[in-house]
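One structure is given here, and the rest of the page talks about it.
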Amino acid sequence: MALTLDQVKAKSASKLTGLHPVMRQATERLIERSFARGVPILITQGLRTIAEQDALYAQGRNKPGQIVTKAKGGYSNHNFGVAIDFALLQPDGKSVSWTVGKEWMVVVEIAKSLGFEWGGDWRSFKDMPHFEMCFGLTTAQYRAGRKPSGIALAKAISVINKEDDVMKEELAKLTKRVGELEAAAKRIPAPKWFVAEFGSGDLGGVISEPAFTVEGWRTLAVGLRVSK
Ligand SMILES: [Zn+2]
């Protein structure tokens, strides 16, 4: 059975704890919009403590494994709740994929439209699952205890919500168009076979607006045959 948006969001909920509130809002939009595009994602990392960051830094250096970060504790935006990592959630709802292909790039495109910076754009160390939203501050400034300015946050929020408004408008337009198409597809004028059998589509003025669904014309024909 296909995963619902609620199920997908629930799987990432714990990783959203501790994120900067605006970052958290952007991340929720990212999960929702990716899902709407048919790409469910899992947030695999959110806030990382300094100790966790140090342990991760040791990996591939003085501990076994592959090098996965260039940052020691306090030098990653993860340590300040303004970075996330993601993976593609598989249909079983349990396993994930790290394959950087078409689906991956859909998520990247959505993330950028929300104002995220993508680690895949970095020159020295490409970090494909990584997104961050630093609100104009460096890790050094975060380390020193600086907080994002109100203006930087307002700007970020307007980017996040601007896309929402566009989405709502586009959705409203699409819904209207689908409605029109459905209405047009459902009700059709008398088919040729009907006219051939009964002489006309309006039965000589008996029907004022001769437009029915295909099923409607068949039902009408059956009724007329019985009453003949
Ligand atoms: Zn990361």
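The values are calculated or read from the model by the stated rules, or taken from the named source; none is laboratory data. Not measured: the values here are computed from a predicted model. Note that we place each Cβ from the backbone using ideal geometry, even for glycine, and neighbour counts take in every protein chain shown.
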Tyr142, sole failed condition from (1) under 25 Å from the mean Cα position of the chain (by Cα); (2) surrounded by 15 or more Cβ atoms within 10 Å (Cβ to Cβ): (1)
Filtered residue count, the range 65-96, keeping only those that are loosely packed, with under 14 Cβ neighbours inside 10 Å, over 17 Å from the mean Cα position of the chain (by Cα) and closer than 26 Å to Arg37 by Cα: 3
Leading residue by the ranking (farthest from the ligand (Cβ to nearest atom)) among those in the range 136-152 that are in a loop (DSSP other than H, G, I, E, B) and either under 21 Å from Lys70 (Cα atoms) or outside the structural domain of Ala71 (by TED's automatic domain parsing) (or both): Ala144
Residue ID - farthest from Cys134 (Cα to Cα), chosen from residues in the range 1-19 that are modelled with pLDDT of 95 or more and small (Gly, Ala, Ser): Ala10
Residue that is farthest from Ala83 (Cα to Cα) [pool: residues in the range 123-133 that are among the hydrophobic types (A, V, I, L, M, F, W, C) and within 11 Å of the ligand (Cβ to nearest atom)]: Phe125
Pair list, Cβ < 9 Å and 6+ apart or interchain, from the range 60-89 residues that are over 19 Å from Thr49 (Cβ atoms) to residues that are among the aliphatic types (A, V, I, L, M) and within 11 Å of the ligand (Cβ to nearest atom): Gly60/Val68; Phe86/Ile43; Ala87/Ile43
Verdict on Met105 being in a helix (DSSP H, G or I), under 16 Å from Phe131 (Cβ atoms) and touching a Gly at 6+ places or on another chain (Cβ under 7 Å): no
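Residue-by-condition table, conditions (1) outside any helix (DSSP H, G or I); (2) in contact with a helix residue (DSSP H, G or I) (Cβ under 7 Å, 6 or more places away or on another chain):
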| residue | (1), (2) |
| --- | --- |
| Ala10 | no, no |
| Leu19 | yes, yes |
| Glu32 | no, yes |
| Gln53 | no, yes |
| Leu56 | no, no |
| Val68 | yes, yes |
| Gly74 | yes, yes |
| Ile84 | yes, yes |
Single unsatisfied condition, Thr44 versus (1) within 16 Å of the ligand (Cβ to nearest atom); (2) in a loop (DSSP other than H, G, I, E, B); (3) not hydrophobic (A, V, I, L, M, F, W, C): (2)
Search result, residues across the range 97-122 that are within 12 Å of the ligand (Cβ to nearest atom) and either surrounded by fewer than 20 Cβ atoms within 10 Å (Cβ to Cβ) or without any contact (Cβ under 8 Å) to a residue 40 or more places away in the chain (or both): Glu117, Trp118, Gly119, Gly120, Trp122
